[in-house]
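Peer 1: Next up is a structure, given as structure tokens.
No lab work stands behind these numbers, since they all come straight from the coordinates. Being a predicted model, the structure only gives us computed values, none of them experimental. Every residue, glycine as well, gets a Cβ built from its backbone with ideal geometry; the counts of neighbours run over all protein chains shown.
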Amino acid sequence: MRIVITGSSGHLGEALVRVLRAAGDDVVSIDVLPSPHTTHVGSVGDRALVRRVLDGADAVLHTATLHKPHVGSHTRQDFIDTNVTGTLTLLEEAVAAGVGRFVFTSTTSAFGRALVPPAGAPAAWVTEDVRPVPKNIYGATKVAAEDLCELVHRDHGLPVLILRTSRFFPEPDDRDDVRTAYPDANLKVNELLYRRVDLEDVVSAHRLALERAPELGFGRYIISATTPFTPGDLAELRTDAPAVVERRVPFAALYDRLGWRMFDAIERVYVNAAARRDLGWEPAYDFASALERIAAGEPWQSELSRVVGAKGYHAETTGVYTVR
């Protein structure tokens with residue numbers, strides 16, 4: 001299969017290029033930044049370039065985007081040009097080229113303000129049925145791009161699946177108070193309970209989406225580690241998260257040995273049931289497996305995640321997301 005991957009110099013794009021090339025697929029890639037994993041340097045908004053890259057392609061994996069860390073360094077128009085216009089250009093040229101399947105990488109950040117329940121309310125149980133309420137230009141443009149995907153599917157029949165991925169970046173958290181309060185690995189392992197996913201599992205979800213897109217036609221899916229929680233846990237998660245976690249996945253003894261802490265409260269839980277059902281996705285990395293690996297003296301994350309490593313998001317010094 002000839003697969004076009006956008007954003008191939010980023011975390012997910014590089015990982016997809018690595019894995020798909022190793023599997024024997026014919027991979028063509030595009031990014032505004034050069035890298036060993038990028039065959040064409042340029043913007044997804046450059047229609048002539050996109051047309052050349054899509055010539056003869058069977059599938060598109062569209063991961064290129066301006067991210068949340070760019071909100072403070074790029075204009076709203078920049079976000080529209082890349083995330084909205086770039087996506088529309090790819091969709092239209094994919095239809096013109098006769099591409100058979102299109103997978104769009106979106107984000108759980110698209111849910112925005114819908115993720116924070118009011119004081120005293122249970123934690124939010126976040127499924128695909130939750131209506132996004134974007135809180136910044138990043139979320140707004142990702143939702144707009146999702147809607148364009150649906151529009152093009154309905155107008156032209158292009159099979160399109162949207163994967164709303166939760167956190168998988170290895171960079172430190174951008175909140176100073178959180179970085180101070182928790183060791184980095186402690187924070188990320190905690191997040192596997194409700195808002196993080198391993199890069200290897202994100203790649204496997206994209207590969208399955210490629211396979212299932214012609215059959216499914218269109219769909220939106222949350223891609224996050226499988227949570228151990230149930231809807232019956234939501235009220236207590238807001239008041240005593242450690243007690244809930246200990247019942248579901250005993251952690252306290254190992255955390256005491258490591259000097260780690262569980263969050264006092266958890267305000268939302270991402271639910272991946274639809275992706276597991278429709279895509280046949282079986283994520284290998286979750287909170288319980290991370291504890292098992294740590295207890296065995298092994299890294300808690302996948303080898304692929306470690307090989308791809310941190311990318312940063314800016315060429316100039318801007319804080320924890322700076323290119324190193």
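Peer 1: Give me the Kirkwood hydrodynamic radius of the stretch 52-199, using the inverse of the mean 1/r over all pairs of distinct Cα atoms, in Å to one decimal. Working shown, then result.
Peer 2: On the way: mean 1/r = 0.0590 Å⁻¹.
After inverting the mean inverse Cα-Cα distance, the result is 17.0 Å.
Peer 1: Same structure, new question: Can you classify the stretch 165-324 as rounded, prolate or oblate using the Cα gyration tensor, where a ≥ b ≥ c are the square roots of its eigenvalues, rounded means a/c under 1.5, and otherwise it's prolate if a/b beats b/c and oblate if not? Mind dumping the intermediate values first?
Peer 2: Details: a/c = 1.65, a/b = 1.14, b/c = 1.45.
Oblate, because a/c is 1.5 or more while a/b does not exceed b/c.
Peer 1: Additional query: Setting aside same-chain residues fewer than 8 positions from Lys142, which aspartates and glutamates have a Cα under 15 Å from its Cα?
Peer 2: Asp78, Asp81, Glu128, Glu150
Peer 1: Please compute one quarter of the surface area of the Cα convex hull for the chain and express it in square nanometres. Kindly include the intermediate steps, with their values, before the conclusion.
Peer 2: Values: hull surface 63.9 nm².
Result: 16.0 nm².
Peer 1: Enumerate the calculated ³J(HN,Hα) couplings along the stretch 193-202 in order (Karplus 6.51 cos²θ - 1.76 cosθ + 1.60, θ = phi - 60°), each rounded to whole Hz, writing x wherever the residue is Gly or Pro.
Peer 2: Whole-Hz 3J(HN,Hα) from phi for the stretch 193-202: 5, 7, 8, 9, 8, 7, 4, 4, 5, 5.
Peer 1: Which log10 I(q)/I(0) values, to two decimals, does the stretch 2-69 give at q = 0.18, 0.19, 0.23, 0.28 Å⁻¹ under the Debye formula with one point per Cα?
Peer 2: The Cα Debye sum returns log10 ratios of -0.57, -0.64, -0.93, -1.33.
Peer 1: Please turn the phi angles of the stretch 89-106 into ³J(HN,Hα) values with the Karplus equation 6.51 cos²θ - 1.76 cosθ + 1.60 (θ = phi - 60°), one per residue in order, whole Hz, x for glycine and proline.
Peer 2: Per residue, the Karplus-derived 3J(HN,Hα) values read 4, 4, 4, 5, 6, 5, 4, 4, 7, x, 4, x, 7, 9, 10, 9, 7, 9 Hz.
Peer 1: Compare Tyr285, Tyr182, Tyr270 in a GNM of the chain, Cα atoms joined below 10 Å, and give the one with the largest fluctuation.
Peer 2: Highest fluctuation among the options: Tyr182.
Peer 1: Gain in length, Ala181 to Arg51, computed as 0.36 nm per residue apart minus the alpha-carbon separation, to one decimal in nm?
Peer 2: On the way: separation 130, 0.36 × 130 = 46.80 nm, distance 4.84 nm.
Answer, rounded to one decimal: 42.0 nm.
Peer 1: So which residue, out of Asp155, Asp278, Asp25, gets the largest mean-square fluctuation from a GNM of the chain using Cα contacts under 10 Å as springs?
Peer 2: Top of the fluctuation ranking is Asp155.
Peer 1: Using the Karplus curve 6.51 cos²θ - 1.76 cosθ + 1.60 with θ = phi - 60°, what ³J(HN,Hα) values do you get for each residue of the stretch 162-174, in whole Hz, with x for Gly and Pro?
Peer 2: Whole-Hz 3J(HN,Hα) from phi for the stretch 162-174: 10, 10, 8, 7, 8, 5, 9, 5, x, 5, x, 4, 7.
Peer 1: Another one. In degrees, nearest 10, range 0 to 90: what is the angle between the Cα axis of helix 11-22 and the longest Cα principal axis of the chain?
Peer 2: So the inclination is approximately 70 degrees.
Peer 1: According to the Kirkwood expression over distinct Cα-Cα pairs, how big is the hydrodynamic radius of the stretch 248-307, in Å? Don't skip to the answer; put the middle values down first.
Peer 2: Details: mean 1/r = 0.0725 Å⁻¹.
Final number for the Kirkwood radius of the stretch 248-307 is 13.8 Å.
Peer 1: How big, on average over all directions, is the shadow cast by the Cα convex hull of the stretch 147-204, in nm²? Walk me through the numbers before you get to the answer.
Peer 2: Numbers: hull surface 22.1 nm².
Over every viewing direction, the Cα hull of the stretch 147-204 projects on average to 5.5 nm².
Peer 1: Around Val116, under 12 Å between beta carbons, what's the net of Lys plus Arg minus Asp minus Glu among the other residues?
Peer 2: +3
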